[in-house]
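Before any comments, here is the structure.
The values are calculated or read from the model by the stated rules, or taken from the named source; none is laboratory data. Note that this is a predicted model, so its numbers are computed, not measured. Positions of Cβ are backbone-derived with ideal geometry, glycine not excepted, and every protein chain shown enters the neighbour counts. For the accessible areas, the whole protein counts, side chains as well, though only heavy atoms, and no ligand, DNA or RNA atoms are used. Shrake-Rupley method; radii C 1.70, N 1.55, O 1.52, S 1.80 Å.
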Amino acid sequence: MDISRLRARGTGRRGAGAGRGPALTRRGALLGMGGLAALGAAGCGGGGGRDSADGPVRTIEHKYGTTEISGTPERIVTVGLTEQDYVLALNVAPVGVREWFGEHPGALWPWAREALGDADLPEVLPVDELDFEQIGALAPDLVLGINSGLTQDEYDTLDGIAPTIAQHPDHPDFGVPWQEIARVVGTALDREDDVEALIADIEERFKDAREDHPEFAGATALLASSIDGAAWAYAEGPAPGFLTQLGMEMPEKAEALFTDEERAPKEISLEELELLEADALLVGVYGDPEASVTGKKVFKELDAAKEGRVLEMPEMSRLNGALSFGSVLSLHYALDVLPEAIAALLDGDPDTAPDEVE
């Protein structure tokens, strides 16, 4: 394969996670906490009934057409933000993973590293732009870019290396719900039944959390972030979706901010911080913690702050990572930690603050 010729076809667009090292860029942080687009509930396309020498052919629809897969892919490269978690959840070790944030070995956060077991760490692909020569040298038989922003040129170049699955056709870039990422990966690996069991397990845990905490029903919760001292609020994405799956609602004043179709994150000026008022306010802190909006006098005047209803999540904390990934692996960690933390916020007693986020 002439990888240099393939590389010339790509555009080298800067990746969605943008920025090497532990510090995320503003775009990377916006993606992490809330995503850039609305989430929906469409099913994945696919499931052709034809056979090949390697077994049934699965046809998967995506943003740039369809991809046919037969047999069981073994050398998988993930070029989206979070697909490595889904592959590992099916006991398959990817050979290449695109770094998003965290700088963990193999670009695997702790929940994914545990799932890897004794298998070799995957090679880390740079976040800045796709390195087609590096990907080609890994000799993949499948490339996954479901939770990504692949361009047509990037997809074409990757598809010249190995069968490639791009973004879901029914959701915006970076806006595919975790259930649908799981289903696409399950179809690609011919593990549909296993994926449905993974999904059912997580949804059962959300149900248990709602039953254990009836106070969540009707309570308001908001996901916000401080990015280099600027405040942002989120309506859609894995972290806000976590709160709604617990049975909580967005405050009306915050809800009114999101009038565009994609309900993209909104920057909140210091003069408008009252829009962040909620029964439970979760704040991801990116950049210099000393510059965090949570330390500003106007923030401390919020009822949520005075009454101990704010949970700060440092950028590199495991909880912030788990909510940002919102995957079939990371959601288990978030469900272990966050329901009890939110219950402590809602109990009306400032002295019963949740444990410090690790």
Problem set entry | LEU345 in a helix (DSSP H, G or I), in contact with a Pro (Cβ under 8 Å, 6 or more places away or on another chain) and surrounded by 18 or more Cβ atoms within 10 Å (Cβ to Cβ) | yes
Exercise. Which strands (runs of 3 or more DSSP E) sit wholly inside segment 232-330 and have at least 1 residues that are in contact with a Pro (Cβ under 7 Å, 6 or more places away or on another chain) and open to solvent by less than 60 Å² (accessible area, probe 1.4 Å)?
Worked result: 280-286, 310-314
Exercise. Before we move on, is VAL298 closer than 26 Å to ALA334 by Cβ and in contact with a helix residue (DSSP H, G or I) (Cβ under 8 Å, 6 or more places away or on another chain)?
Worked result: no
Exercise. How many of the residues making up segment 132-160 are among the small types (Gly, Ala, Ser), open to solvent by 10 Å² or more (accessible area, probe 1.4 Å) and under 18 Å from VAL87 (Cβ atoms)?
Worked result: 1
Seminar exercise, completed: Within segment 101-131, residues open to solvent by less than 30 Å² (accessible area, probe 1.4 Å), free of Cβ contacts under 8 Å to residues at least 60 places away in the same chain and within 25 Å of THR157 (Cβ to Cβ) come out as GLY106, ALA107, PRO122, LEU125
Seminar exercise, completed: Of the listed residues (GLU271, GLU315), the one being at pLDDT 95 or above and out of contact with any Asp or Glu (no Cβ under 7 Å at 6 or more places or on another chain) is GLU271
For this session: Hey, can you tell me all the residues within segment 234-253 that are under 19 Å from PRO177 (Cα atoms) and out of contact with any Phe, Trp or Tyr (no Cβ under 7 Å at 6 or more places or on another chain)?
Result: TYR234, GLU236, GLY237, ALA239, GLY241, PHE242, LEU243, THR244, GLU249, MET250
Exercise. Considering VAL87, VAL127, which residue is at pLDDT below 95, aliphatic (A, V, I, L, M) and touching a strand residue (DSSP E or B) at 6+ places or on another chain (Cβ under 7 Å)?
Worked result: VAL127
Exercise. Hey, ALA217 hits all of (1) within 21 Å of ALA341 (Cβ to Cβ); (2) of a type in the set (A, V, I, L, M, F, W, C); (3) surrounded by 15 or more Cβ atoms within 10 Å (Cβ to Cβ) but one; which does it fall short on?
Worked result: (3)
